[in-house]
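Report on the following structure.
The values are calculated or read from the model by the stated rules, or taken from the named source; none is laboratory data. No experiment lies behind these values; they were computed from the predicted model shown. Here the Cβ positions follow ideal geometry from the backbone for every residue, glycine too, while neighbour counts run over all protein chains shown.
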Ligand code: ADP
């Protein structure tokens, strides 16, 4: 089973690239951000998640890990999964390892999209026009998401570096150029 952690700051292109990899390899794509946004808006869980995401803060680990595990359980026959936006903390990374071990599998590699902050801010501002996401509309919330990424999420890379599974990908270029870099890296990692 191929388990790809697609990693990178908000606006780095994880969603776009996930869709391409999903199609090419027939993988399941799980974005915790999409799962939170897809909850019944009247449910307590959705309201709780939104109270964090609207400010650009992380939803607490315990809730996020539970949501992730129940999402994975929906695809018992998956030949592989792209994890997009998870793990975002070291505790989530440890939980994912434990979870995959219990299923007799493991993370194949972390593909980390590298994009500088000024480019991210421009992309997110552009996305605000058509995404309809409240967390894309406010520059202060965008900055908080970037800060949360730098403080809480960037250290997750060290977790995979220590396992020799970290692969950095230049995230600047055309969509096709970047997907080709991801494909090359993935094929080298699974060869
Ligand atoms: P982006 O990567 O563009 O910031 P996402 O769609 O991945 O956006 O996530 C949107 C929001 O959902 C995050 O800001 C956070 O509040 C919540 N979220 C998503 N994934 C996680 C996670 N793994 N842990 C905690 N919160 C999460």
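Taken over the range 28-51, residues that are buried (at least 16 other Cβ atoms within 10 Å of the Cβ) and more than 16 Å from residue 68 (Cα to Cα) amount to 1. Between 95, 137, the distinction of being at pLDDT below 95, closer than 25 Å to residue 37 by Cα and touching a helix residue (DSSP H, G or I) at 6+ places or on another chain (Cβ under 6 Å) belongs to 137 only. The set of residues in the range 28-48 being away from the ligand (no atom under 12 Å from the Cβ) and either farther than 26 Å from residue 17 by Cα or part of a helix (DSSP H, G or I) (or both) consists of 40, 41, 42, 43, 44, 45, 47. Listed by first and then second residue, the pairs linking a residue in the range 129-151 that is closer than 17 Å to residue 118 by Cβ to a residue that is near the ligand (Cβ under 9 Å from one of its atoms), with Cβ atoms under 6 Å apart and 6 or more places separating them unless they lie on different chains, are 136/124; 136/127; 142/124; 144/56; 145/10; 145/56; 149/9. Before we move on, is residue 119 under 24 Å from residue 168 (Cα atoms), more than 13 Å from the ligand (Cβ to nearest atom) and in contact with a strand residue (DSSP E or B) (Cβ under 8 Å, 6 or more places away or on another chain)? No; evaluated as a whole, the condition is false for this residue. Within the range 14-27, being touching a residue at least 24 places away in the same chain (Cβ under 8 Å) and more than 10 Å from the ligand (Cβ to nearest atom) holds for 16, 17, 18, 20, 21, 22, 24, 25, 26, 27. Among helices (runs of 4 or more DSSP H) entirely within the range 87-170, having at least 2 residues that are under 15 Å from the mean Cα position of the chain (by Cα) and surrounded by 12 or more Cβ atoms within 10 Å (Cβ to Cβ) singles out 90-102, 139-148, 156-161.
Of all residues in the range 49-62 being part of a helix (DSSP H, G or I) and in contact with a helix residue (DSSP H, G or I) (Cβ under 7 Å, 6 or more places away or on another chain), which is nearest to the ligand (Cβ to nearest atom)? Top of the filtered list is 53.
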